[in-house]
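Below is one structure, written out as structure tokens; comments come after it.
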Amino acid sequence: MTSITLPERCDRAAAEALLPEMLAALGSGPLEIDARECRQIGQAMLQLLVSARQTGDGAVILPSDALSEAAALTGLADELFSGVLA
């Protein structure tokens, strides 16, 4: 499983920087996205994470409290984490 670690600040620039790495991981099995250090998350990164979950073999996202809160506020918690967290 390919693993990608998100930075503390997950804004549009971070999403643009991570996109090539995520695209390169397509077809190599599920992607693990470690977002446990994420403290600030923007809309662009949320969109990229939703896309990662829906593309190829999908993604497992290990969220921080900030990401969990942002997902809940935007109604994306099920989309990002269903079937992942025990």
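So here's what we get for this one:
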| quantity | calculated |
| --- | --- |
| Some residue of region 20-43 being polar (S, T, N, Q) and within 11 Å of the chain's Cα centre (by Cα) | no |
| Positions within region 7-58 being within 20 Å of THR74 (Cα to Cα) and among the polar types (S, T, N, Q), in sequence order | GLN40, GLN43, GLN47, SER51, GLN54 |
| Members of region 1-16 that are in contact with a helix residue (DSSP H, G or I) (Cβ under 8 Å, 6 or more places away or on another chain) and either over 19 Å from GLY27 (Cα atoms) or of a type in the set (Gly, Ala, Ser) (or both) | LEU6, PRO7, CYS10, ASP11, ARG12, ALA14, ALA15, GLU16 |
| Residue pairs meeting the criteria (Cβ under 7 Å; at least 6 apart or on separate chains; first within 16 Å of GLY27 (Cβ to Cβ), in region 39-55; second of a type in the set (Gly, Ala, Ser) and crowded, with 22+ Cβ neighbours inside 10 Å) | ALA52/ALA59; ARG53/ALA59 |
| Residues of region 33-47 that turn out to be part of a strand (DSSP E or B) and touching a Leu at 6+ places or on another chain (Cβ under 7 Å), as a count | 4 |
| Matching residues in region 13-32 - criterion: being among the hydrophobic types (A, V, I, L, M, F, W, C) and either assigned to a helix (DSSP H, G or I) or modelled with pLDDT of 95 or more (or both) | ALA13, ALA14, ALA15, ALA17, LEU18, LEU19, MET22, LEU23, ALA24, ALA25 |
| Among (1) among the small types (Gly, Ala, Ser); (2) surrounded by 16 or more Cβ atoms within 10 Å (Cβ to Cβ); (3) touching a strand residue (DSSP E or B) at 6+ places or on another chain (Cβ under 9 Å), the one test that ALA15 misses | (3) |
| Answer residue from region 48-66, given it is part of a helix (DSSP H, G or I) and within 9 Å of the chain's Cα centre (by Cα) and is surrounded by the fewest Cβ atoms within 10 Å (Cβ to Cβ) among those | SER51 |
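The values are calculated or read from the model by the stated rules, or taken from the named source; none is laboratory data. All of these numbers come straight from a predicted model, not from anything done at the bench. Positions of Cβ are backbone-derived with ideal geometry, glycine not excepted, and every protein chain shown enters the neighbour counts.
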